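Beneath this line is the structure, given in structure tokens, with notes to follow.
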Amino acid sequence: MIIAIDGPAASGKGTLAKRLAAHYGLPHLDTGLLYRAVGKAVLDQGGEPADPVAAAAAAQMLDLAQIDEMALKADLYGNAASVVGAIPAVREALLAFQRRFAATPGGAVLDGRDIGTVIAPEAEVKIFVTASPEARADRRLKELVGRGEPADAATVLADIRKRDARDAERTVAPFRPADDAHLLDTTHLAIEPAVRAALDIVEAFRAGRGRG
Ligand code: C5P
């Protein structure tokens, strides 16, 4: 069973993906980390994330074994990720790895922006996680404060809106729900009820195919 989870920044998709993967014993890939790692590699080399040549080269040379989730959490890399993610050659370079992961025998959980539409349109379960920009900015702000990073509410909200717009407006793999995705709005949901709602979606699928 492939579970595809797409959603904007701070929608809760990462937490939901991890929890579903643990629940069903499936491997999990946070595809945002790939784009973040490319953005970081470009910045580390003193390059511009918007430079298609530098970004494509970084994507082609990406060493997946070196991906360090904690080091990639900073908003700086989230923003760089959304810039490199708009470059077709970058998406192309990261495609095969993600598709292979999705095809893991026994299934997999992937989260990102284009899992249900481009990476695994064949996924049995697609969940599109949403939440209002204000709710997401509030979560992000708490996360930043928790990590001791400087944070300002208005800047965080503006960044979230900017990233949403960039992801939705790009020409290649624009961020949008697959036609057959289940929408899960977490604006007013804490983590546990959101996990329950996601499990209900997966269980409804399993019951439907006779593995209830
Ligand atoms: O999910 P996360 O915040 O880590 O993603 C960072 C950025 O990477 C997103 O804003 C998006 O531009 C890009 N991304 C993408 N496609 C994915 C995952 C992430 O374009 N499948």
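The values are calculated or read from the model by the stated rules, or taken from the named source; none is laboratory data. Note that the structure is predicted; figures quoted are calculated from it, not measured. We place every Cβ from the backbone using ideal geometry, glycine too, and count neighbours over all the protein chains shown. Just so you know, the surface numbers come from the protein's heavy atoms only, side chains and all, with ligands and any DNA or RNA stripped out. Shrake-Rupley method; radii C 1.70, N 1.55, O 1.52, S 1.80 Å.
Structure notes:
- Pairs with Cβ under 7 Å, 6+ apart, first in segment 26-49 and on the phi < 0 side of the Ramachandran plot and open to solvent by 50 Å² or more (accessible area, probe 1.4 Å), second part of a loop (DSSP other than H, G, I, E, B) and within 13 Å of the ligand (Cβ to nearest atom): 43/49
- There is at least one residue in segment 140-151 that is surrounded by 12 or more Cβ atoms within 10 Å (Cβ to Cβ) and under 16 Å from the mean Cα position of the chain (by Cα).
- Residue match in segment 17-29 (condition: closer than 28 Å to residue 198 by Cβ and within 12 Å of the ligand (Cβ to nearest atom)): yes
- Pick from segment 1-25, criterion open to solvent by 30 Å² or more (accessible area, probe 1.4 Å) and part of a helix (DSSP H, G or I), ranking: nearest to residue 76 (Cα to Cα): 15
- Some residue of segment 57-75 being crowded, with 23+ Cβ neighbours inside 10 Å and over 22 Å from residue 19 (Cβ atoms): yes
- Hits in segment 154-212 - residues which are open to solvent by 60 Å² or more (accessible area, probe 1.4 Å), among the polar types (S, T, N, Q) and part of a loop (DSSP other than H, G, I, E, B): 171
- If you go through segment 165-178 and keep only what is in contact with a helix residue (DSSP H, G or I) (Cβ under 9 Å, 6 or more places away or on another chain), more than 8 Å from the ligand (Cβ to nearest atom) and farther than 13 Å from residue 91 by Cα, you end up with 176, 177, 178.
- If you go through segment 81-122 and keep only what is open to solvent by less than 10 Å² (accessible area, probe 1.4 Å), away from the ligand (no atom under 11 Å from the Cβ) and small (Gly, Ala, Ser), you end up with 102, 107, 108.
- Residue within segment 174-189 that is small (Gly, Ala, Ser) and more than 25 Å from residue 70 (Cβ to Cβ) present: yes
- Checking each residue in segment 34-88 for being within 17 Å of residue 169 (Cα to Cα), small (Gly, Ala, Ser) and part of a helix (DSSP H, G or I) picks out 78, 80, 81, 82.
- Annotation note: Cβ proximity below 8 Å between a residue of segment 146-172 that is under 12 Å from residue 8 (Cα atoms) and a residue that is aromatic (Phe, Trp, Tyr) (sequence gap 6+ or interchain) occurs for 164/175; 167/175; 168/175.
- Only residues that are in contact with a Leu (Cβ under 9 Å, 6 or more places away or on another chain) and among the hydrophobic types (A, V, I, L, M, F, W, C) were counted across segment 137-182, and they come to 6.
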